[in-house]
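The block underneath contains the structure these notes are about, expressed in structure tokens.
The values are calculated or read from the model by the stated rules, or taken from the named source; none is laboratory data. Treat the numbers as computed from the prediction; the structure is a model and nothing was measured. Cβ sites come from the backbone with ideal geometry, for glycine too, and all protein chains shown count toward neighbours. Note: areas computed on protein heavy atoms with side chains; ligands, DNA, RNA excluded. Shrake-Rupley method; radii C 1.70, N 1.55, O 1.52, S 1.80 Å.
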Amino acid sequence: PPLPAFDYTVFGGTGDLALRKLLPALYLRDRAGQVAAGSRIIAVSRSALDPAEYRAKADAAVRRHVAADELDEELIARFLERLDYVSVDATSSEGWSDLAGRFEGRGDGPVRIFYLATSPSLFGPICDRLKGAGLVTPAARVVLEKPIGRDLDSARAINAQVGAVFAESQIYRIDHYLGKETVQNLLALRFANSLFEPLWNANHIDHVQITVAETVGVEGRGDYYDHSGALRDMVQNHLLQLVCLVGMESPVSLAQEAVRDEKLKVLRSLKPMGVEDVGACTVRGQYRAGAVTGGAVPAYADEPGIPAGSGTETFVALKLEIANWRWAGVPFYLRTGKRLPAKMSEIVIQFRPIPHSIFPQSAGELQANRLIVRLQPDESIRLHLMAKEPGPGGMRLRQAPLNLSFAETFGSRFPDAYERLLMDVVRGNPTLFMRRDEVEAAWAWAETILEGWKSRRDQPKPYISGTWGPSQAIALIERDGRTWHEDE
Ligand code: BG6
């Protein structure tokens, strides 16, 4: 059934995110019948376009980024009708009265949402001008794209500026990883089954691995990316959110504050890294030329928009610890990077070995249980168990998986994370969004690493595109007698 009608105003409306993710997601929700009649999408950016020109852009974007079997001429036409465009300059007074004009007579009817898909440096100024233009009603909502700032101070400043215009309950800080089906499934896995939770602690878990690998490079976002790097772009937000969902205690309910309170405790328990830990427990990398999935690709330094001699990392591997009773002594190994051999995200829970073996050596090596949550692609949960190989020749053991494939089991299309999250804003449900204190706690920890790198003058280690990062990332885990999980 449709949700309440909305007016989604998207700042950064001509940008990569809007065209690649937001418009396709809104189209798909419209196609699913969730968009009420009278809903509008008002794209805003500095470019001097008229609404018809913008609709042509949106038309092309939807056709390009939505699967062919979900394109439907009538639905596309209806969707484009909902689109409007206003040219507004976030840093001057230009265009704001035009934007305000679009809301005349709309009153308190449709849910009013401002989506800021711009550089975070514009979040404060845009909020101020929204207020100045009289557009901020008590029920209005604002969505902030990551990254919120580039360190703790800038994040605090942005949160304060936005917080001067919108109440915390009106602010939706998006981390699209929280909208991914398998990420939400972590909650089901842990708290809708009795099997895992009793074992989910340092007594039974040896370590945890989280890998978020991408094949793409910086993709024309060189200017943004070079000021950011993998730690700010991926670890501070997406990977830490995954750490939270794996590491948190059972929330008292699924209510928004309950889940966010538990995530916050994990973030606050992250052991800060001193300069020495940064040297021993983190590895930065930067890709060189190579080949990814068969195609030759240039070095990071030769990508458009990257200054010569850039010291930005495109890969991070690190070992962190959650200093609390549940996790004391259990390392979490994280790695993420661009231009790796495959696009693949997964969480590996490695259980401890059995305490005593009754099997003869000839039975083969006993491998400890391993639970693998594959977030993308081919969403699945696999539990690796030891089993007896069939046959009359005595006891031979082998590891074999119990495999829950989401595509096979549920068969349906998985909505993109943005589809879920954009509609959660319309519904007024912020559970899967980051609260101010979460963002700041995540920065407080990430900053200890940024500072360590700075004071060590750490330069990223080179890795060839199409490999799993610098050899130091492999050494990071092998030094501890463990290995990164590889698909058999
Ligand atoms: C974004 C990062 O937040 O996440 C990008 O800015 C990255 O650099 C992207 O490519 C990865 O998201 P996904 O959904 O493709 O895993």
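General remarks:
- Identity of the residue in segment 165-219, of a type in the set (D, E, K, R) and in a strand (DSSP E or B), that ends up least open to solvent (accessible area, probe 1.4 Å): R173
One line per residue, one yes/no per condition, for (1) more than 26 Å from the chain's Cα centre (by Cα); (2) open to solvent by less than 20 Å² (accessible area, probe 1.4 Å); (3) of a type in the set (D, E, K, R):
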{"site": "T312", "(1), (2), (3)": "no, yes, no"}
{"site": "A323", "(1), (2), (3)": "no, no, no"}
{"site": "R335", "(1), (2), (3)": "no, yes, yes"}
{"site": "R339", "(1), (2), (3)": "no, no, yes"}
{"site": "A387", "(1), (2), (3)": "yes, no, no"}
{"site": "P392", "(1), (2), (3)": "yes, no, no"}
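- Which numbered condition S405 misses (of (1) open to solvent by 20 Å² or more (accessible area, probe 1.4 Å); (2) in contact (Cβ under 8 Å) with a residue 12 or more places away in the chain; (3) of a type in the set (S, T, Y); (4) closer than 24 Å to L231 by Cα): (4)
- Criterion: under 21 Å from H176 (Cα atoms), among the small types (G, A, S) and either touching a Lys or Arg at 6+ places or on another chain (Cβ under 7 Å) or touching a residue at least 12 places away in the same chain (Cβ under 8 Å) (or both) - qualifying residue of A25, A36: A25
Residue-wise test of (1) at pLDDT 95 or above; (2) open to solvent by 30 Å² or more (accessible area, probe 1.4 Å).
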{"residue": "P304", "(1), (2)": "no, yes"}
{"residue": "L320", "(1), (2)": "yes, no"}
{"residue": "S345", "(1), (2)": "yes, no"}
{"residue": "I358", "(1), (2)": "yes, yes"}
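- Residue among S269, S250 that alone is within 20 Å of R326 (Cβ to Cβ), surrounded by fewer than 15 Cβ atoms within 10 Å (Cβ to Cβ), touching a residue at least 12 places away in the same chain (Cβ under 8 Å) and among the polar types (S, T, N, Q): S250
- Residues located in segment 220-238, provided they are assigned to a loop (DSSP other than H, G, I, E, B) and either more than 9 Å from the ligand (Cβ to nearest atom) or not hydroxyl-bearing (S, T, Y) (or both): G220, R221, H227, G229
- Unmet requirement for I148, which otherwise passes all of (1) in contact (Cβ under 8 Å) with a residue 40 or more places away in the chain; (2) assigned to a loop (DSSP other than H, G, I, E, B); (3) open to solvent by 40 Å² or more (accessible area, probe 1.4 Å): (3)
- Evaluation of V162 against the conditions (1) touching a helix residue (DSSP H, G or I) at 6+ places or on another chain (Cβ under 6 Å); (2) closer than 18 Å to P430 by Cβ; (3) in contact (Cβ under 8 Å) with a residue 60 or more places away in the chain shows that the sole unmet condition is (3).
- As a summary of the residue check, D458 satisfies the conditions (1) in a helix (DSSP H, G or I); (2) in contact (Cβ under 8 Å) with a residue 40 or more places away in the chain; (3) under 25 Å from V316 (Cα atoms) except for the one numbered (1).
- Residue count for segment 251-304 satisfying the condition of being in a loop (DSSP other than H, G, I, E, B) and in contact with a Leu (Cβ under 9 Å, 6 or more places away or on another chain): 4.
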